[in-house]
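All remarks here apply to the structure that follows.
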Amino acid sequence: RKFWKTKVLQLTPLIAGWTAYWNDLLGLEHRLEPSIVQLLIASESSFNPKAASHHKSLSQQARGLIQLMPESRRILSDPRGELKDHLISATRDDLWDPSISIAAGTRWLVRKRITATKKLKREASWFEAILDYKGILMQKPSAGKNPVIRNKLKELGDDLQIKLQ
């Protein structure tokens, strides 16, 4: 994880820039902090911009720093969809570019906070948005991979010196 310090430092301007951009453009009342995006990147790709999921089919493979799934890319670029005012159109190969991956992944995380809020019927935290991003928000904390993922997120948060709620 010593390798991370170098990667975090290299990516800090991109992460700070994209979080500020989405916070301002979307007028987020509860601002997304760059550290939350760092945590998401650490948990999804270990700061490897060329990371890809191990899915057999390229059409189902997540890619990049924030491991966006093809379905997420489709929703982010749909001019008739719920995000039509703030589209991000990126090809599968575009996600190898750290700036594009961070821009799209950060926008997707904002959407996941909205979906988590609806699921929880209360304001979701950014940590809960990450849990929704990973598809485990509504699972019992002791079910399936949920405890492993939650523990890993807490460990990564400690490594990155991020306080989680």
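The values are calculated or read from the model by the stated rules, or taken from the named source; none is laboratory data. Just so you know, these numbers come straight off a predicted model, no measurement behind them. We place every Cβ from the backbone using ideal geometry, glycine too, and count neighbours over all the protein chains shown. Please note that ligands, DNA and RNA were not included when accessible areas were found on the heavy atoms of the full protein model with its side chains. Shrake-Rupley method; radii C 1.70, N 1.55, O 1.52, S 1.80 Å.
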Kindly rank 116-129, 64-77 from highest to lowest mean number of other beta carbons found within 10 Å of each residue. 64-77, 116-129
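Can you tell me the mean projection area, over all orientations, of the convex hull of the stretch 75-165's alpha carbons? Units nm², please. Write down the numbers at each step before the final one.
Working: hull surface 28.6 nm².
In nm², the orientation-averaged hull projection of the stretch 75-165 is 7.2.
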Pop out the Kirkwood hydrodynamic radius of the stretch 122-165 from its pairwise C-alpha distances, inverse of mean 1/r, in Å to one decimal. 10.8 Å
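Please report Rg over Rh for the stretch 12-104, where both radii come from the alpha carbon positions and Rh follows the Kirkwood definition. Mind showing how you got there, number by number?
Working: Rg = 13.2 Å, Rh = 13.7 Å.
When Rh is taken as the Kirkwood radius, the ratio is 0.97.
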As an exercise, use a Förster radius of 35 Å and the Cβ-Cβ distance of Gln10 and Ser142 to find the FRET efficiency, rounded to the nearest 0.05. 0.40
With every protein chain in place, the chain: carbon and sulfur % of accessible area (1.4 Å): 53 percent
What is the set of long-range amide H partners of Leu68 at a cut-off below 5 Å, with H atoms built 1.01 Å from backbone N? Arg63
Mean ellipticity per residue at 222 nm, deg cm²/dmol - from DSSP H runs of n ≥ 4 across the chain, formula -39500 (n - 2.57): -17500 deg cm²/dmol
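Give me the orientation-averaged projected area of the Cα convex hull of the chain, in nm², one decimal. Don't skip to the answer; put the middle values down first.
Numbers: hull surface 38.3 nm².
Mean projected area for the chain: 9.6 nm², to one decimal.
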So which of Lys118/Lys163; Lys5/Lys134; Lys134/Lys163; Lys5/Lys140; Lys50/Lys118 end up more than 31 Å apart by C-alpha? Lys5/Lys140; Lys50/Lys118
I want the local charge near Leu40. Using Cβ-Cβ distances under 15 Å, sum +1 for each Lys or Arg and -1 for each Asp or Glu among the other residues. +4
Using Cα positions and a limit of under 19 Å, work out the aspartates and glutamates in reach of Lys152, with same-chain residues fewer than 8 apart set aside. Glu44, Glu128, Asp132
Cβ-Cβ FRET estimate between Glu123 and Ser89, R0 fixed at 30 Å, reported to 0.05: 0.50
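Please calculate how many Å² of accessible area the chain carries per residue, with a 1.4 Å probe and no DNA, RNA or ligand atoms counted.
Dividing the accessible area of the chain by its residue count gives 55 Å².
Can you give me the relative contact order of the chain as a percent, contacts being Cα pairs under 8 Å and 6 or more apart? List each step's numbers first, then the result.
On the way: 191 pairs, mean separation 31.0, N = 165.
Dividing the mean separation by the residue count of the chain yields 19 percent.
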In the chain, with Lys and Arg counted as +1 and Asp and Glu as -1 at Cβ, which of these residues, Asn151, Asn23, Thr91, has the Cα nearest the positive end of the dipole, that is, farthest along it? Asn151
